[in-house]
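One structure follows; several queries about it will come next.
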Amino acid sequence: MGTDYVVLLVVLPLLFLFYVAARTIEVLLHELGHAIPALLFTKEDVSIYWGSYDPDKLKKLRIRRLTIYYNSIFKLWRAGACKHQTVDIDYRRHLIIVFMGPIFSLILACIAFYIALATNSHGIIKMLLFVLLLSTVIDLKGLIPNRGRSTDTNGRLLYNDGTLISKLLSLRNNYKDVMHLFELYSEGRYMDYADYFESLNLTCVDLDLYRTTIYSYLQISEFERAKAYSEAYFKRLPASRLTSWDYCNEGIIESQLNNLETALPFYNKALLLDPDNIHALNNRGFTFGVMDQHERAIADLDKAIAINPNFAYAYSNRGFSKIRLNLIDEGLEDIRYSLDIDDQNPYAYRSLGICQMEQGNFNEALSNFEKAKQLHPDTYQIDQLIRDARYRGNPAV
């Protein structure tokens, strides 16, 4: 019995190490299977994410047009993704790019295991390559469409290969147009996206297209249009498939339309799904602040800042709530720090102007409100604040 326990204590950790090593190799081979045809079919750069989806937190290796972003060695086996241009390729080539991920890794694993057997390689090598082959076979299940979804750091949905193949087939009649829309979205050209989307008059809108359309209308302050598409999106998708970002965006729409009580349940649902969604924390904190619930606002904004200490909007919003609680020095410190991080943050100038209004410095307040409006014309209630500053600074006019 004692010997059996010793065997288990030795064999099980060894098998786990083999699995982690094989899975690490398999993730890279899988993404290379996507990247190689993408390099052949396009003239643009191709990126592989090995271990994570956040390029800001990864190291990178550049090989001509291919960039490999990689995590620490202990996290490489967890995840992978490949990003490439889609506008200049037809949907058939795109299908090949997607399909080749699991096929490429399987072919290489078969060849490597055959060579190891034919050359009678060391037992450890044969065991590692067998586990690699087994991992690539299991990976074929990714060709079956799966409703499970994850998101990258920008909230963009990430699908398995089977779902992507299914989506490409369903979009084949509008492939070029839809890919162009996604390209505009990824480049942050939201006004161009909206104009092009409206020109298409699509009869069938893909669910991902709903999400990018909602977000694009949010970015150009077309809140009523964003709301219309968001309501349609929520009707088409069961609650079990909605993401934290979906609820957060709906909350932002309602907040911007001044439906504050309606916005809060959406932020609550967003944070129930992802307690670390800093945008939901920040926007719920701002909404609490506008509703004069400043202690609750500061609690949300403290957590957002703890998660991301360089989140400028959370500092400016926390500064606003501290000023409302008569914590003037602390509030001003937050606002100034927000401007140190991002001097183009309109809400920092808005909060600073509100503080100056309360101190009776109406001309300085007006200057900061106008700066906020210049940076973002739809900064929350900025026109009303400008009118108040002008009137209180010169009531005779």
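Every number in this text was worked out from the coordinates using simple rules, so none of it is lab data. All figures in this text were calculated on a predicted structure; none of them were measured in a lab. Glycine also receives a Cβ, built like all others from the backbone with ideal geometry; neighbour counts cover every protein chain displayed.
Per residue of the chain, what 222 nm ellipticity follows from adding -39500 (n - 2.57) for every DSSP H run with n ≥ 4, rounded to the nearest 500?
Rounded to the nearest 500, it is -22000 deg cm²/dmol.
If you look at just the Cα atoms of the chain, how large are its Rg and its Dmax in Å?
In order Rg, Dmax, the Cα atoms of the chain give 26.1, 97 Å.
Right, here's the next one. Local charge sum around Ala372 (other residues, Cβ-Cβ under 11 Å, Lys/Arg +1, Asp/Glu -1)?
Local net charge: 0.
Could you work out how much longer the chain between Asp177 and Met127 gets when fully extended? Use 0.36 nm per residue separation minus the Cα distance between them, nm to one decimal.
Here the answer is 13.2 nm.
Restricting to bridges with both residues inside the chain, how much of the DSSP beta-bridge set is antiparallel, in percent to the nearest 5?
70 percent
What Kirkwood hydrodynamic radius do you get for the range 172-242 when you take the inverse of the mean 1/r over all pairs of distinct Cα atoms, in Å?
12.4 Å
Here's another thing I want to ask about it. What is the sum of charges, Lys and Arg at +1 and Asp and Glu at -1, for the other residues whose Cβ falls under 11 Å from the Cβ of Cys82?
Net of charged neighbours comes to -1.
Between Ala21 and Ile220, with labels modelled 7 Å along Cα→Cβ, what's the label distance in nm to one decimal, could you check?
5.4 nm
Is the shape of the range 267-333 best called rounded, prolate or oblate, per the rule: a/c under 1.5 gives rounded, else a/b larger than b/c gives prolate, else oblate, with a ≥ b ≥ c the square roots of the Cα gyration tensor eigenvalues?
oblate
Label-point separation (nm) for Lys141 and Ala299, each offset 7 Å from Cα along Cα-to-Cβ?
Modelled inter-label distance: 4.1 nm.
Still on this structure: From the phi of every residue in the range 215-228, what ³J(HN,Hα) in whole Hz does the Karplus formula 6.51 cos²θ - 1.76 cosθ + 1.60 yield, where θ is phi - 60° and glycine or proline is x?
Each residue's phi maps through the Karplus curve to give 5, 5, 5, 4, 5, 9, 6, 8, 6, 5, 5, 4, 5, 4 Hz.
Can you list the residues, at least 5 places off or on another chain, whose amide H is less than 5 Å from the amide H of Gly80, using H built in the peptide plane?
The list, which skips near neighbours in sequence, is Gly51.
Lys126: which aspartates and glutamates have alpha carbons under 18 Å from its alpha carbon, excluding same-chain residues fewer than 8 sequence positions away?
By straight Cα distance, Lys126 reaches Glu26.
Right, something else. Using a Cα-Cα cut-off of under 16 Å, which aspartates and glutamates could be cross-linked to Lys43, ignoring same-chain neighbours fewer than 8 residues away?
Once the sequence-local aspartates and glutamates are set aside, what remains near Lys43 is Asp88, Asp90, Glu183.
Now a separate question. Between Leu200 and Arg336, what's the calculated FRET efficiency when r is the beta-carbon distance and R0 is 45 Å? Round to 0.05. Don't skip to the answer; put the middle values down first.
On the way: r = 46 Å, r/R0 = 1.01.
After rounding to 0.05, the efficiency reads 0.50.
Report, in debye and to the nearest 20, how large the dipole of the chain comes out about its Cα centre when Lys and Arg carry +1 and Asp and Glu carry -1 on their Cβ.
1280 debye
Leu39: net charge of surrounding residues, Cβ under 10 Å, Lys/Arg +1, Asp/Glu -1, itself excluded?
+1
Oh, and also: Under a straight-distance cross-link criterion of Cα-Cα below 27 Å, which lysines are reachable from Lys371, leaving out those fewer than 8 residues away in the same chain?
Lys322
Expected output is a single nm value to one decimal: the length gained when fully extending between Met191 and Leu272, i.e. 0.36 nm times separation in residues minus the C-alpha distance. What is it?
The Met191-Leu272 span can extend by a further 26.0 nm.
Packing-wise, with mean Cβ within 10 Å as the measure, how do 284-291, 260-267, 132-139, 195-202 rank, highest first?
284-291, 132-139, 260-267, 195-202
At what distance in nm do the modelled label points of Gln384 and Arg65 sit from each other, each positioned 7 Å from its Cα along Cα→Cβ?
Placing both labels 7 Å along Cα→Cβ, they lie 5.4 nm apart.
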